[in-house]
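The values are calculated or read from the model by the stated rules, or taken from the named source; none is laboratory data. For clarity, every value in this text was computed on a predicted model and none was experimentally measured. In this analysis, Cβ positions are derived from the backbone assuming ideal geometry, glycine residues included, and neighbour counts consider all displayed protein chains.
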Amino acid sequence: MRNWDNVRELLERYYEGETTVAEEQQLRQLLQEPALPPDLQAEARLLHWPLAERQIQSPLSAEALMAPLALPAAEPKVRLLWGWAWQVAAAVSLLVVGFALGRGGAGAVPAEEQPTATELTALRQELSELKGLLQAGATTGQRLQAVTVAATTPQADAELLMALIHTLHFDENVNVRLAAVEALMNYQQHPQVRRALIHSLGIQTDPNVQLALIHGLTRLGEKEAVPQLQKMLQDEELQQVVRQQVNESISLLI
Amino acid sequence: MYKNKKTHLLMKHTFLFLLLALALPGLAQEYKQRITADQLIKIQYHKAELRIEAHKGNELIIQARDYEAPPERAKGLRPLYNTAVDNTNTGMSVESKDGQVLIREAMANPGQYLIRVPENARLSIEQMNWGGNNIEVIGMRNELEVKSKTAEVRLMDVSGPVIVNSTSGDITIRFSELSQKGPSMISSVASEIDISLPASAKAELHLSSVVGEIYTDLDLKVQNKDGKEASLTYLGGGQSTIKASLNGGGSTLTVRSTSSNIYLRKR
Amino acid sequence: MELEYFRTTVLPARNRLYRVALWMLKDSAEAEDALQEGMLRLWVYRQKLMLCSNVEAFAVRTVRNLCLDRLKSKQYKGRQGLEGLEYTDSGQASPHQQAEQEDHEAVIRRLMLGLPEQQQWLLQLREVEELSYEEIEEITGMQINAIRVALSRARKTLREQFLKVSSYEKLG
């Protein structure tokens, strides 16, 4: 026969916040026994709830989470030495490559000037530097540069898009955020990007950025944006010029 | 007769005083500090009237035109409204940290200031709330960031890159040259933007105004005004971005306004 | 090398990070986005992570901050539906014990929502995630004693209200 008084004592310490994690585990286990005294049955039900909660698992597998991170290009150790100058140089050279690729796509550059595999590897490496620029404490000019370059990068991966989205939501400079809207418009085929543009409507307070988002979403014919737009109308501080545009866009999208 | 003489004397004194003030700028309150190359100087202001001039030296010099020291009876006490500490005796607070020099107002009613900074320093100026005075910057040669709400922004003889945004303060920028170091971007909601560039400046221009017009005398090669976009008006209002290159193209210069005109001129 | 370190230290926390995000955002798609974003953020911080005394606590804090950023957006203001956590107000007692337990859980969750936010957050970290006081201290920045007191208060309030509700149900 179990000594339930020990359990009661444990329970009392639990309510005082004095039990350890191990004791709490033990307590929950004890309270699951079938032959509980009546006074402990309610306690058992009360302490049971987290067990179900703990069963909730991430719908994204480890692989899915790792995939965007798995860039083989190890970061060069010189970064600390060279600082941003080096990264800007990389970003600028990416601009050149990106420009060349863009031209290639447009058929202006002969086929033999199409990028080779090594060029693509270099591009990939530079792409990861670009993300670095967006994420760490670069100057406003560097961030604007990075966003401008990212807008024309032929192969944006999930991580770059994420960096752009984060820039759109939270960069402290209005112009950098505006440039991020423009850049993301080039990746409108990704549902994640469309979601982010809608989501950002609820974050931005600068009228210029708000208008850029609304124009962009209207141009995309993004009906999903309507509820968020309607929500904007409830904001009393919304500037008149933005309010007008919101109304117009809602009527166009519906 | 007598009265006249007195006025005359007074005028003479004022004149002498003015002359003295001009000859001896040391009379105005002044603060100096060495700035290392490429350091970011950040100015956050509420009410002061600021004029920022570049110079060839390596010092930050703050000159208060009409500084009034705190009253004698405030000695040993600290002000409550202004948490920034006046450590320069000019009514401004200067703090150096994380590679930046942060300049803030440290008094309730700051007056006119002339702030002189090394021309190669990076400069960032932010109007912290509505109703502050205007901003004038002259001669900077490096990255220049200005965030204005209502303040009129005048940037004279700057090389860029410049990153300027304003809600309702007009923006006037005269470029001495257009730096190829990085993109420049100027945006406003309800204020006119007037930009003059050297005729030889190389740039990739991205211009847009949602409801305003863009006027220019620059020799632009417009790239996207072809059959595909016969109508520049987008679904949902607003006009498309005009992309044009200037002198064969160069660094990107983006100018966008929501409700006002944009003027782009040759110097 | 870094990738391997990340795989063995951060990735195992993904279920916990997801639960924290879900609990904060009350929306599985949003929580998924926040988790992915959190992982990228942590990847950016990976070198800093190696110097961290408790990687999981750091990770939880990172994801929580991202969620707070998301919550700051007005989109969430006024949003009430708690996806998957709806409480059904049916007075009928379920014949099966399992279903009965589920009912209890719905009641408890509803009661939890009435607690101060800080207490809810502590319950989540302690009861669901079984974190030690030291870890909770690192995540919340609260002092251990304050954590203990707030947690004790939360547990007691929950108990008191739960007993009240159960006795009503018995009477009905």
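Odds and ends about this structure:
- Taking each residue of segment A:40-56 that is within 20 Å of A:Asp5 (Cα to Cα) and facing chain C (nearest Cβ under 7 Å) and looking for partners that are buried (at least 16 other Cβ atoms within 10 Å of the Cβ) and aromatic (Phe, Trp, Tyr) with beta-carbon atoms closer than 7 Å, six or more apart or interchain, yields A:Leu46/C:Phe162.
- Residues satisfying the stated conditions in segment A:210-220, i.e. β-branched (Val, Ile, Thr) and crowded, with 24+ Cβ neighbours inside 10 Å: A:Ile214
- Top-ranked residue in segment A:223-233 [being within 20 Å of the chain's Cα centre (by Cα) and more than 8 Å from every other protein chain (Cβ to nearest Cβ); ranked as nearest to B:Ser187 (Cα to Cα)]: A:Ala225
- Taken together, the residues in segment B:180-211 that are of a type in the set (Gly, Ala, Ser), under 22 Å from B:Gln223 (Cα atoms) and either within 13 Å of chain A (Cβ to nearest Cβ) or not in a loop (DSSP other than H, G, I, E, B) (or both) amount to 7.
- Count of residues meeting criterion [farther than 12 Å from C:Arg155 by Cβ, out of contact with any Pro (no Cβ under 7 Å at 6 or more places or on another chain), crowded, with 16+ Cβ neighbours inside 10 Å and touching a residue at least 24 places away in the same chain (Cβ under 8 Å)] in segment A:1-27: 1
- Set B:Met140, B:Met156: member being more than 12 Å from chain A (Cβ to nearest Cβ) and assigned to a loop (DSSP other than H, G, I, E, B): B:Met140
- One residue stands out among those in segment B:95-110 that are touching a strand residue (DSSP E or B) at 6+ places or on another chain (Cβ under 7 Å) and touching a residue at least 24 places away in the same chain (Cβ under 8 Å): the one that is farthest from B:Gly160 (Cα to Cα), which is B:Ala106.
- For B:Leu235, the test of being modelled with pLDDT of 90 or more and either touching a Leu at 6+ places or on another chain (Cβ under 6 Å) or not in a strand (DSSP E or B) (or both) is failed.
- Filter result for A:Glu182 (more than 11 Å from chain B (Cβ to nearest Cβ), of a type in the set (Asp, Glu), in contact with a helix residue (DSSP H, G or I) (Cβ under 8 Å, 6 or more places away or on another chain) and outside any loop (DSSP other than H, G, I, E, B)): no
- Flag: A:Val176 matches the condition of being at the interface with another protein chain (Cβ under 9 Å from one of its Cβ atoms), touching a helix residue (DSSP H, G or I) at 6+ places or on another chain (Cβ under 7 Å), without any contact (Cβ under 8 Å) to a residue 60 or more places away in the chain and not acidic (Asp, Glu).
- Looking only at segment B:166-179, residues that are away from chain A (no Cβ under 14 Å) and part of a strand (DSSP E or B) come to 3 in all.
- Residue within segment C:26-40 that is part of a loop (DSSP other than H, G, I, E, B) and either modelled with pLDDT under 85 or out of contact with any Lys or Arg (no Cβ under 8 Å at 6 or more places or on another chain) (or both) present: yes
- Here A:Met162 meets the list (1) more than 22 Å from the chain's Cα centre (by Cα); (2) at the interface with another protein chain (Cβ under 8 Å from one of its Cβ atoms); (3) hydrophobic (A, V, I, L, M, F, W, C) almost entirely, failing just condition (1).
- Looking only at segment A:63-87, and only at residues there that are at pLDDT below 80 and at the interface with another protein chain (Cβ under 7 Å from one of its Cβ atoms), the one that is nearest to C:Met112 (Cα to Cα): A:Met66
- B:Ser124 being assigned to a strand (DSSP E or B) and crowded, with 17+ Cβ neighbours inside 10 Å: yes
- Among the residues of segment C:121-172, those that are at the interface with another protein chain (Cβ under 10 Å from one of its Cβ atoms), among the hydroxyl-bearing types (Ser, Thr, Tyr) and over 13 Å from A:Gly17 (Cβ atoms) comprise C:Ser166, C:Ser167.
- A residue that is in the same structural domain as C:Leu66 (by TED's automatic domain parsing), over 18 Å from C:Leu123 (Cβ atoms) and β-branched (Val, Ile, Thr) can be found somewhere in segment C:23-45.
- Test for C:Glu130: is it touching a helix residue (DSSP H, G or I) at 6+ places or on another chain (Cβ under 6 Å), in a helix (DSSP H, G or I) and either modelled with pLDDT under 90 or not β-branched (Val, Ile, Thr) (or both): no
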